[in-house]
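Input: a single structure, listed below in structure tokens.
The values are calculated or read from the model by the stated rules, or taken from the named source; none is laboratory data. Note that the structure is predicted; figures quoted are calculated from it, not measured. Neighbour counts are summed over all protein chains in view; Cβ atoms, including those assigned to glycine, are modelled from backbone coordinates with ideal geometry.
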Amino acid sequence: MHPRVFAAVALAVLMAIAGGPSWAQTTLPSPTGPVVLSVTGEIGRTNVPGGAEFDMAMLEALPQTEMRTFTDWTEGQQIFTGPSLTDLLSAVAAEGSRIKASALNGYAIEIPVSDAAKFGPIVAIRQNGAPMSVRDKGPLWVIYPNEDQDALTPNPNNDKSVWQLRTMELQ
Amino acid sequence: MRRGVGGRLFGAFEDWRLRIGVSVGVGIMLLILIAIQQYSTETERKAYAYLTRTNHWIASEMQREMLGFLVDLDGYVMGQGVSHGHVLMKYDLLWSRFPIFLTGPEASTARSVPGAFETVQALFEAVRRIEPDVQTLQPGDLAARNRIAGALIPFRPALHDITRTIAIGDKRSELLNELLEIDTFHFYSTVAIFLMGGSVVLLLLFEVRRSERRADGERRARAAAEAASEAKSRFLSNMSHELRTPLNAIIGFSEITSEELYGPVGSPKYKDCAHSITASGRHLLSIIEDILDIARIEANALAINRERFEAGRMVEECLLMFTEEARRKRIDIRTSLPDARTDITSDRRLLKQTCINLVSNSLKFTPPGGEILVGIRVDGDSAILSVADTGPGIPEDEIDEVVRPFFRSDKNGQQNLGGTGLGLSLVKSFAELQGGRVKIESAPDRGTKVQVFLPQAMPRIAAEQAAG
């Protein structure tokens, strides 16, 4: 028991001293709960052969970003919370320029890595404070900011706003 | 001859820069309008196209999820390596499609397919009804499998109809019609913009033509007026020359007669007659000189000869001519010449003529026993000649009129006094030709004071006085 407590304390101290980005420099822990996200491809940090697997707790341990926004599939303003795409990519030391994002139902689309800095999307794990079920387009939903709720033109990022996200392959 | 305010306003429009500016401005405005219109049409078209595809996608995805669920359901029940967890996930995936179709803003077109909303709502209820069976499903439980499939499969044709209707049915032609309407609207509004722009351009052209015609008319009128004025001046000048020549002969010979140069004339009455002829001739000559001056001024042909001379002496010379007449009318002419010995620079002939005209006017109007004060003084660079009398004065409403050529007052019984009405007019013109001005102060029964200001007279005290 002792070494694990020590390790946890040491990790906490490290995080407190060096702030968020230093988390990325530590090794990636292994998932203990059900895997909800698999990242594969051009990444520098893995916890299974050729990939990084996340359970809900690991995603919750990443720095959380809150986004108040509108979507074309929800009514009214929504509050989504989760790691930003930037934080998630740095957690796996991602390389490459494109992400092939796939959903539970087989839907797949390419997301440019540059979107992370350009639009600041997040991988939402909570909607209005509550975890999302598959029925509510969860458990993971890529959310792009969308300030304009009644624009005539649809948001160009709609196709990349993958709900029921399951895997990301860095290319 | 002078252009009115209206002329100047239209004059501004005649400016070619303004015309080009307005035309370019209208052109740019038109282009911007068309561009904005094109852009909004394009945006609308794309939005419609996007909605068509999206609604088709939403409907077909629901159909696909239902089939996928049914296939994996069978796979699990038949024991073909599909896990119960997988079936549950497929059930959830199917479940998640319903809110998107039933309430999502994107699916509004799909919902508007007749019967679609009711069909999908009924299907959603069926999906929720089978949930207990799905949760407790065991491999080989064909009864449960049949309940589940029996609840969903009847919806397949209706679901397919919705998808088909959106993709190729009424909804599609409705969208196509809307696109067509957008195109028609686009066409007509482009035509409208062009018509609008065209009419603005036509209006501008018309306005330009009109102002050109107006300017043409003005130019012609001005030319005609100038020609008439010139003809008049030339006529006056020629006539004056023609009159002066015989007059010189009349004056000359009458002088010879009155002075008996070629021997006595007999009766002294003849001598008086000759005197009268000389006096009348001189008077006539002075009138002709005045007319000649007016003609020259109007033809811009009066040359200014600036020279230095003694101002006081010039005034004295002028007054010498009136000594006899003043004595006869018992009028006291006094001078005020504080700067008598000062040299000034001006046109000597014009200034002397000015002095003569003013004094002769005063003599004419001042009643016997009156007084005339003639003065010249310097003020800085200016020289000021003033002639004041104790005559009847000028009525207020005529002060501005008296300087007009040929002006004769018909008041105060002055009609029978001699004169051409040119004197004051010439005084004013002479002063203005030299950059100066005339100031008349007068009130009925209070006399008249005329001041002539001549700038740049460059007064200088004569050498003799400075020495003495």
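Among the candidates B:VAL208, B:VAL191, B:VAL200, the residue that is at pLDDT 85 or above and in a helix (DSSP H, G or I) is uniquely B:VAL191.
Quick one: is B:PHE155 under 60 Å from the mean Cα position of the chain (by Cα), among the aromatic types (Phe, Trp, Tyr), more than 14 Å from chain A (Cβ to nearest Cβ) and more than 30 Å from A:GLN77 (Cβ to Cβ)?
no
For A:ASN155, the conditions (1) within 14 Å of chain B (Cβ to nearest Cβ); (2) over 24 Å from B:TRP57 (Cβ atoms) all hold with the exception of (2). Which condition number in (1) at pLDDT 85 or above; (2) over 30 Å from B:ALA295 (Cα atoms); (3) not β-branched (Val, Ile, Thr) is the one that B:GLY217 fails? Going through (1) at pLDDT 85 or above; (2) over 30 Å from B:ALA295 (Cα atoms); (3) not β-branched (Val, Ile, Thr) one by one, B:GLY217 breaks only (2).
Whether a residue is away from chain A (no Cβ under 14 Å), aliphatic (A, V, I, L, M) and more than 30 Å from A:ASP72 (Cα to Cα) was assessed, and B:VAL191 passes this test. For B:LEU137, the conditions (1) of a type outside the set (Phe, Trp, Tyr); (2) buried (at least 16 other Cβ atoms within 10 Å of the Cβ); (3) part of a helix (DSSP H, G or I) are fulfilled apart from (3). Those residues that are within 14 Å of another protein chain (Cβ to nearest Cβ) and within 11 Å of the chain's Cα centre (by Cα), I need them from the stretch A:65-101; list them, please. Within the stretch A:65-101, none qualify. When B:ILE100, B:ILE162 are screened for being surrounded by 16 or more Cβ atoms within 10 Å (Cβ to Cβ), within 14 Å of chain A (Cβ to nearest Cβ), β-branched (Val, Ile, Thr) and under 30 Å from A:ASN155 (Cα atoms), only B:ILE100 passes.
Hey, among B:ILE28, B:ILE34, B:ILE58, which residue is in a helix (DSSP H, G or I), on the phi < 0 side of the Ramachandran plot, among the aliphatic types (A, V, I, L, M) and without any contact (Cβ under 8 Å) to a residue 12 or more places away in the chain? Working first, answer last.
Details: B:ILE34 fails: without any contact (Cβ under 8 Å) to a residue 12 or more places away in the chain; B:ILE58 fails: without any contact (Cβ under 8 Å) to a residue 12 or more places away in the chain.
The match here is B:ILE28.
The residues of the stretch B:315-355 that are within 24 Å of B:LYS428 (Cβ to Cβ), hydrophobic (A, V, I, L, M, F, W, C) and buried (at least 19 other Cβ atoms within 10 Å of the Cβ), listed by number, are B:VAL315, B:CYS318, B:PHE322, B:ILE333, B:ILE344, B:LEU350, B:LEU351, B:CYS355.
Would the stretch B:21-34 turn up any residue that is at pLDDT 80 or above and at the interface with another protein chain (Cβ under 9 Å from one of its Cβ atoms)? Looking for residues that are at pLDDT 80 or above and at the interface with another protein chain (Cβ under 9 Å from one of its Cβ atoms), one finds none in the stretch B:21-34, hence no.
Is it the case, given these coordinates, that B:GLN80 is assigned to a helix (DSSP H, G or I), at pLDDT below 95, on the phi < 0 side of the Ramachandran plot and not acidic (Asp, Glu)?
No; evaluated as a whole, the condition is false for this residue.
No other residue among B:VAL120, B:VAL87, B:VAL113, B:VAL82 is aliphatic (A, V, I, L, M), within 14 Å of chain A (Cβ to nearest Cβ) and touching a helix residue (DSSP H, G or I) at 6+ places or on another chain (Cβ under 9 Å) apart from B:VAL87. For the stretch B:361-381, the condition of being surrounded by fewer than 17 Cβ atoms within 10 Å (Cβ to Cβ) and touching a residue at least 60 places away in the same chain (Cβ under 8 Å) holds for at least one residue. Hey, can you tell me all the residues within the stretch A:100-142 that are in contact with a Gly (Cβ under 8 Å, 6 or more places away or on another chain) and either among the aliphatic types (A, V, I, L, M) or over 24 Å from B:MET89 (Cβ atoms) (or both)? Those that are in contact with a Gly (Cβ under 8 Å, 6 or more places away or on another chain) and either among the aliphatic types (A, V, I, L, M) or over 24 Å from B:MET89 (Cβ atoms) (or both): A:VAL113, A:ILE122, A:VAL123, A:ALA124, A:ILE125, A:MET132, A:LEU140. Considering only residues in the stretch A:102-148 that are surrounded by 15 or more Cβ atoms within 10 Å (Cβ to Cβ), more than 21 Å from B:ARG53 (Cβ to Cβ) and within 12 Å of another protein chain (Cβ to nearest Cβ), the one that is modelled with the lowest pLDDT turns out to be A:GLY138. One residue alone among B:ARG64, B:ARG45 is at the interface with chain A (Cβ under 9 Å from one of its Cβ atoms) and among the basic types (Lys, Arg), and that residue is B:ARG64.
The rows are residues; the columns are (1) under 23 Å from B:PRO455 (Cβ atoms); (2) of a type in the set (Phe, Trp, Tyr); (3) in a loop (DSSP other than H, G, I, E, B); (4) under 44 Å from the mean Cα position of the chain (by Cα).
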{"position": "B:THR345", "(1), (2), (3), (4)": "yes, no, no, yes"}
{"position": "B:LYS352", "(1), (2), (3), (4)": "yes, no, no, no"}
{"position": "B:ILE376", "(1), (2), (3), (4)": "yes, no, no, no"}
{"position": "B:ILE394", "(1), (2), (3), (4)": "no, no, yes, yes"}
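Scanning the stretch B:109-127 for residues being in a helix (DSSP H, G or I) and in contact (Cβ under 8 Å) with a residue 12 or more places away in the chain gives a total of 12.
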